[in-house]
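**Student:** This is the structure I want to talk about, given as structure tokens.
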Amino acid sequence: MVLVDKPAGPTSHDVVSRVRRALPRGVKVGHAGTLDPFATGLLLVLLGRATRIQQWLMELGKEYETVARLGWTSTTGDPEGELVETGRIPSRDAVLPTGAVTQRPPAYSAIRIDGRRAYALARSGVEVEVPERTVTVTRFDQLWRDDDAGRAAYAIACSSGTYVRSLIADLHDAYCVELRRTAIGPYRVEDAAPPPDRADTEPWEPTIVPLGTALSQVLPTITLDDDTARRAGHGQVVDLPSGTPDGRLLLLDPAGDPVCVSDVTAARAKPRVGFRA
């Protein structure tokens, strides 16, 4: 896995394509968590077997910093939408919600409705009603505010699936002019590298997070003996020590390399995603 600091402009898919071109032919590449084209910041790019752990990385909490334009609305919640000046400025005393928050993601989002992306429906002229969802916001702080410029900045920490654009739009009236993802779970944008560029004359040499390290930071682990690791690696249900807690567990071999992610019930591990082949 590679930590990439996405610039404004390219899509997350564009960044994945750049990384793919910089690697030996045939390496599978994906990512864990889309950023809008105007947004910047941390993107987890998955290489090879790491693409198999996307679902767990997607569940990690996120942190953002955003700059909002006050007194305006946007149909998309960002600079790419239809902009309208309302003159209604969010109060300085407005409550910035934390805890369980019910929000309605914007129509221009990647949520699927009847099998199609909401943004594709909206752009084709279809009126889109995106279902509400409940998310968790653990931090929503105002960093600064400049009423003369009509701008304010906020730091937000939230659960996966939270739409920062909706949080800002719900301040009435505001939209995001800048959005930067600063963290995903334990990973920080300060440790990320820019994506490769065709204009670069030097080889792209990012810091790679080993698969076992990436998984062990998001899942509890247990180390197996050689024989049990071999059987689990072949997809067989294996017995674990008595008292092993139920739940999702990463199984390691004696060398500390990942064998599989398993569902554990009553000290029996059923492999779910393997990493031996």
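Derivation of every value follows stated rules applied to the coordinates shown; laboratory data play no part. Just so it is clear, the model here is predicted, and its values are computed rather than measured. All Cβ positions, even for glycine, are placed from backbone atoms using ideal geometry, and neighbour counts span all protein chains on display.
**Student:** Per residue of the stretch 208-225, in order, report the coupling 6.51 cos²θ - 1.76 cosθ + 1.60 (Karplus, θ = phi - 60°) as ³J(HN,Hα) in whole Hz, putting x for Gly and Pro.
**Tutor:** Once θ is set to phi - 60°, the couplings for the stretch 208-225 become 9, 8, x, 4, x, 5, 4, 6, 5, 7, 10, 9, x, 10, 8, 9, 9, 7 Hz.
**Student:** Also, I was wondering about something else. Let me spell out the model: positive unit charges on the Cβ of Lys and Arg, negative unit charges on the Cβ of Asp and Glu, origin at the Cα centre of the stretch 219-274. What dipole size does that give, in debye rounded to 20?
**Tutor:** Values: 6 positive and 8 negative charges, 50 e Å.
So the dipole magnitude of the stretch 219-274 works out to roughly 240 debye.
**Student:** Something else about it: Please compute the alpha carbon radius of gyration of the chain, then divide it by the globular-protein estimate 2.2 N^0.38 Å. Two decimals is fine. Don't skip to the answer; put the middle values down first.
**Tutor:** Details: Rg = 21.5 Å, N = 277, 2.2 N^0.38 = 18.6 Å.
For the chain, the normalised Cα radius of gyration comes out at 1.15.
**Student:** Step through the residues of the stretch 135-144 one at a time and calculate ³J(HN,Hα) from phi using the Karplus curve (6.51 cos²θ - 1.76 cosθ + 1.60, θ = phi - 60°), rounding each to whole Hz and writing x for Gly and Pro.
**Tutor:** Using θ = phi - 60°, the values come out as 10, 10, 10, 9, 8, 8, 10, 7, 8, 6 Hz.
**Student:** Related question: Pop the C-beta distance of residue 204 and residue 242 into the FRET formula with R0 = 45 Å and round what comes out to the nearest 0.05.
**Tutor:** Values: r = 48 Å, r/R0 = 1.07.
With a Förster radius of 45 Å, E is 0.40.
**Student:** Under the rule of at least 5 residues apart or a separate chain, name every residue whose amide H is placed under 5 Å from the amide H of residue 177.
**Tutor:** Here the answer is 67, 68, 69, since their amide H atoms fall under 5 Å of that of residue 177.
**Student:** Here's something else I'd like to know. So what's the stretch 219-274 giving for Cα Rg divided by 2.2 N^0.38 Å, two decimals?
**Tutor:** Values: Rg = 9.5 Å, N = 56, 2.2 N^0.38 = 10.2 Å.
Taking the Cα Rg and dividing by 2.2 N^0.38 Å, one obtains 0.93.
**Student:** Then there's this: Measure off 7 Å from each Cα along the Cα-to-Cβ vector at residue 139 and residue 217, then give the distance between these two points in nanometres to one decimal.
**Tutor:** It is 1.6 nm.
**Student:** Taking the alpha-carbon distance from residue 28 and a cut-off under 24 Å, which lysines remain once sequence neighbours fewer than 8 residues away in the same chain are dropped?
**Tutor:** 6
**Student:** To continue, here is another question. Using a simple spin-label model with points 7 Å from Cα along the Cα→Cβ vector, what separation in nm is obtained for residue 132 and residue 93?
**Tutor:** 2.6
**Student:** Another question, if that's okay. Which FRET efficiency value, to the nearest 0.05, is calculated for residue 149 and residue 55 with the Förster distance at 51 angstrom and r the Cβ-Cβ distance? Before the final figure, lay out each step's value.
**Tutor:** Values: r = 42 Å, r/R0 = 0.81.
Given R0 = 51 Å and the Cβ-Cβ separation, E is 0.75.
**Student:** Excluding the sites themselves, what is the longest stretch of the chain that contains no trypsin sites (Lys or Arg not before Pro) in a DSSP loop with at most 16 other C-beta atoms within 10 Å? Kindly include the intermediate steps, with their values, before the conclusion.
**Tutor:** On the way: sites that count: 25, 28, 88, 92, 198, 276.
Longest stretch, sites excluded: 93-197.
**Student:** Now for a separate question. Distance from the Cα centre of the stretch 1-51 to that of the stretch 53-109, in angstrom?
**Tutor:** 23
**Student:** Next up: Determine, from the Cβ-Cβ distance of residue 86 and residue 270 and an R0 of 41 Å, the FRET efficiency 1/(1 + (r/R0)^6), rounded to the nearest 0.05. Write out the running numbers ahead of the final one.
**Tutor:** Values: r = 55 Å, r/R0 = 1.34.
Calculated value: 0.15.
**Student:** Here's another thing I want to ask about it. Between helix 12-22 and the chain, what is the angle of the helix's C-alpha long axis to the longest principal axis, kept within 0 to 90° and rounded to the nearest 10?
**Tutor:** Rounded to the nearest ten degrees, it is 50.
**Student:** Under the rule a/c < 1.5 gives rounded, and otherwise a/b versus b/c splits prolate from oblate, where does the stretch 159-258 land using the Cα gyration tensor?
**Tutor:** Verdict is oblate for the stretch 159-258.
**Student:** So, one more: With +1 assigned to the C-beta of every Lys and Arg and -1 to the C-beta of every Asp and Glu, and no other charges, what is the dipole magnitude of the chain about the Cα centre in debye, to the nearest 20? Before the final figure, lay out each step's value.
**Tutor:** Details: 33 positive and 36 negative charges, 195 e Å.
Value, rounded to 20: 940 debye.
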